[in-house]
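The values are calculated or read from the model by the stated rules, or taken from the named source; none is laboratory data. Note that this is a predicted model, so its numbers are computed, not measured. Backbone-built Cβ (ideal geometry, glycine too); neighbour counts: all protein chains shown.
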């Protein structure tokens, strides 16, 4: 069975500090991972997909199959990064399995 | 395209009343997902449809919850009778399940309060 683990429910960092939101997965098939972001009282929005190998809003994430991880990183956190972040694993043709989320707070 | 549209944005109702939440998919998407979000349990998948057919409703809490997809672009989630523990934000999301998968597009959610 698939599993997505986000070990930190809450994470606080100071503005300008590096931030890393952890995500580990367990899946028997070929993994395809996503990060979603939810700003206060808004909808979940796609932040990035691992297959796109893109950097969005300064965030990057690398799929590490050896460690079964897809950690989200940003070198310098900004106050506007404060949000809920969900890691998701594609299962089946078009289904996403979401982790429990990490609430990031960037302290001014 | 205006994206996934949910209505109402907010709903306050009394315990025992029927509540109907609505969702309009993005044109061309063929999969529809209903989620419930609470502080305690996070994001929970309630049910999803593929090509208007319910595929997995194992997340539906109990018989008080029902969902329909009468056509390719519209879905409803009904709670009858509603209870205070149903208070949550309900999201629907849609996706296109063929070719390159770009993930889900979520609606803005319906914040339900049952008093």
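A few notes on this one:
- Considered as a group, the residues in the range B:90-105 that are in a strand (DSSP E or B) and either at pLDDT below 90 or surrounded by 22 or more Cβ atoms within 10 Å (Cβ to Cβ) (or both) include one that is nearest to the other protein chains (Cβ to nearest Cβ), and that residue is B:95.
- Among the residues examined, residue B:3 qualifies as under 16 Å from the mean Cα position of the chain (by Cα), assigned to a loop (DSSP other than H, G, I, E, B) and farther than 17 Å from residue A:95 by Cβ.
- Taken over the range A:34-69, the criterion of being within 13 Å of the chain's Cα centre (by Cα), over 19 Å from residue A:103 (Cα atoms) and either more than 10 Å from every other protein chain (Cβ to nearest Cβ) or in contact (Cβ under 8 Å) with a residue 24 or more places away in the chain (or both) is satisfied by A:50, A:55, A:62, A:63.
- Here the range B:13-31 is the region considered, the condition is being at pLDDT 95 or above and outside any loop (DSSP other than H, G, I, E, B), and the residue that is surrounded by the most Cβ atoms within 10 Å (Cβ to Cβ) is B:23.
- Test: residue B:108 is surrounded by fewer than 20 Cβ atoms within 10 Å (Cβ to Cβ), over 23 Å from residue A:92 (Cα atoms) and at the interface with chain A (Cβ under 9 Å from one of its Cβ atoms): yes
- Matching option when the condition is part of a strand (DSSP E or B) and either crowded, with 16+ Cβ neighbours inside 10 Å or modelled with pLDDT under 95 (or both), among A:1, A:88, A:93, A:77: A:88
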